[in-house]
Amino acid sequence: MLFLSFVGTVCIMTAGVVSFSTPLPLSLSPRVLTLARNRHSNHPLVKDSKVSALNAVLPPPSWAIYTIGHIIGGTTGTPFVLRATKSWYIRISLPKWTPPNYIFGPVWTILYGLMGYSLSRIVNSCNNGSAAIKLWSVHYTLNILWSPIFFGMQRLRLGYIINLCLLTTLIALLPLYYSIDRISAYFQLPYLAWLLFATALNKAICKLNPTTLDGKNEAMVQADICKDGPGYNDAMLKYDIDKLQMAAAKYAGL
């Protein structure tokens, strides 16, 4: 009995090996072969591996919505920037290393696009991104508020404080991004570099245009003068003459 049991076990194992290792008989119909292939391709492990490989290269289609949405959101401050750069901004003291105005538009468009792409990868990576998403929402809101405050309200020092908050939240956000999706964190490094530069520029503008005891700075004064009309108006002429007289009196020691 033991011998027969052993022989039966060997036969079953041999049949199993042959059934897995030998090719399918040529007599199987194409329909059977198609069904077998479909069952293999629809296996959860095979499907997950394909999806993982695709997501490693490009996240689901929502990346375009996030990217375009961030770019559109960033343009909400454009009217404030355009009005300022054509009026009071060109009349205040600026650092010599201030970039030309035409640089800012393309740079911010690229950076907003990278912001949206990175966020799409975080949203589609896992469920553990809630803390990162909440922090990013705060950061992006501060970013959108900067232009109306700096260019629209001429609040130079408040703009500088917002820039410091942007740096703080971005530095706190990068490790969260890195723990969820490394590419998302890497794509924010150009933004970090630009934000460091923009914060330094904002600080330098504040120093060159300090706020007086009455709560006004040179940007506010120039914005009031520019309200009288486009181009070089009478208010600007009077202001420039008074400024030259003050400079001459100071130079003469009067």
- Query: From the list 207, 238, 243, 203, which residue is basic (Lys, Arg), out of contact with any helix residue (DSSP H, G or I) (no Cβ under 7 Å at 6 or more places or on another chain), modelled with pLDDT of 90 or more and part of a helix (DSSP H, G or I)?
  - Reply: 207
- Taking region 125-154 and keeping only residues that are surrounded by fewer than 19 Cβ atoms within 10 Å (Cβ to Cβ), at pLDDT 95 or above and in a loop (DSSP other than H, G, I, E, B), one is left with 153
- Tell me, which residue of region 37-87 that is among the aromatic types (Phe, Trp, Tyr) and modelled with pLDDT under 95 is farthest from residue 182 (Cα to Cα)? 66
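Does residue 209 satisfy the criteria of being out of contact with any Phe, Trp or Tyr (no Cβ under 9 Å at 6 or more places or on another chain), among the polar types (S, T, N, Q) and surrounded by 13 or more Cβ atoms within 10 Å (Cβ to Cβ)? Write out each step before concluding.
Working: out of contact with any Phe, Trp or Tyr (no Cβ under 9 Å at 6 or more places or on another chain): yes; among the polar types (S, T, N, Q): yes; surrounded by 13 or more Cβ atoms within 10 Å (Cβ to Cβ): yes.
Spelling it out, residue 209 is indeed out of contact with any Phe, Trp or Tyr (no Cβ under 9 Å at 6 or more places or on another chain), among the polar types (S, T, N, Q) and surrounded by 13 or more Cβ atoms within 10 Å (Cβ to Cβ).
Can residue 83 be described as surrounded by 13 or more Cβ atoms within 10 Å (Cβ to Cβ) and either within 18 Å of residue 197 (Cα to Cα) or in contact (Cβ under 8 Å) with a residue 12 or more places away in the chain (or both)?
For residue 83, the condition - surrounded by 13 or more Cβ atoms within 10 Å (Cβ to Cβ) and either within 18 Å of residue 197 (Cα to Cα) or in contact (Cβ under 8 Å) with a residue 12 or more places away in the chain (or both) - is met.
The values are calculated or read from the model by the stated rules, or taken from the named source; none is laboratory data. Since we're looking at a predicted model, the values are computed, not measured. Methodologically, a virtual Cβ is constructed for each residue, glycine included, from the backbone with ideal geometry; neighbour enumeration extends over all protein chains shown.
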